[in-house]
Amino acid sequence: MSYSLSFTKSILVVIFISDKIRQKQFDYLSTTDISKYLSIPKPTLVKILHNLNVANIIETKEGKNGGIRLMKEPSKITVLEILEAMEKGKPLFQTTYNILANAKRPNNAQKSIRNVLNDAENQLKNELSKKTIGQILIEMNT
């Protein structure tokens, strides 16, 4: 499988920011706090925050009173949106095989494998599109 660990960590980052907002902490959150509480090394966090910023999920502000906050309501951010921000179209499964056999049966086998893996990835994305950060926040309290 190919999706990066940064994808999973980015979900935690968005949940952490969202939860702080929900707790009425409306100021920007510092990257130091996010890094510390989520045990994410700063270089990894910088990459995550950059990707989330480019995707308009978070906004950043530099300076003494700066930091990170959401650009959208948690109920409007899907897990799929975070995946797309982090992975930028990268497929979950590698489907280029570079095998030497080139005939009908090996070609059909590769096509069949590619189809089943693409279908699985599409089903995964469909499920991720149904779950919002807002729903996860609600589930955290049950």
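The values are calculated or read from the model by the stated rules, or taken from the named source; none is laboratory data. Only a predicted model underlies this, so the values are computations on that prediction, with no experimental measurement involved. Using ideal geometry, Cβ is built from the backbone for each residue, glycine included, and neighbour counts are taken over all protein chains shown.
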Hey, among the residues in the range 75-108 that are among the aliphatic types (A, V, I, L, M) and loosely packed, with under 14 Cβ neighbours inside 10 Å, which one's nearest to the chain's Cα centre (by Cα)? 99
The one condition residue 136 fails out of (1) surrounded by 11 or more Cβ atoms within 10 Å (Cβ to Cβ); (2) modelled with pLDDT under 95; (3) within 30 Å of residue 10 (Cα to Cα) is (2)
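What residue, of 115, 126, is on the phi < 0 side of the Ramachandran plot and more than 18 Å from the chain's Cα centre (by Cα)? Let's see the steps before the verdict.
Working: 126 fails: more than 18 Å from the chain's Cα centre (by Cα).
The match here is 115.
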Considering only residues that are in contact (Cβ under 8 Å) with a residue 24 or more places away in the chain and in a helix (DSSP H, G or I), look in the range 83-117 and name the one that is farthest from residue 73 (Cα to Cα). 117
Report yes if some residue within the range 8-30 is modelled with pLDDT of 90 or more, closer than 18 Å to residue 134 by Cα, of a type in the set (Ser, Thr, Tyr) and out of contact with any helix residue (DSSP H, G or I) (no Cβ under 8 Å at 6 or more places or on another chain); otherwise report no. yes
I'm trying to understand the selection: among the residues of the range 26-48, which are without any contact (Cβ under 8 Å) to a residue 24 or more places away in the chain and more than 16 Å from residue 65 (Cβ to Cβ)? 35, 36, 37, 39, 41, 42, 43, 46
Collect the residues in the range 19-31 that are closer than 15 Å to residue 53 by Cα and out of contact with any Phe, Trp or Tyr (no Cβ under 9 Å at 6 or more places or on another chain), keeping them in residue-number order. 28, 30, 31
Do you know which residues across the range 15-25 are of a type in the set (A, V, I, L, M, F, W, C) and touching a residue at least 40 places away in the same chain (Cβ under 8 Å)? 15, 17, 21
What residue, of 12, 70, is out of contact with any Leu (no Cβ under 8 Å at 6 or more places or on another chain), among the hydrophobic types (A, V, I, L, M, F, W, C), within 21 Å of residue 141 (Cα to Cα) and in contact (Cβ under 8 Å) with a residue 24 or more places away in the chain? 70
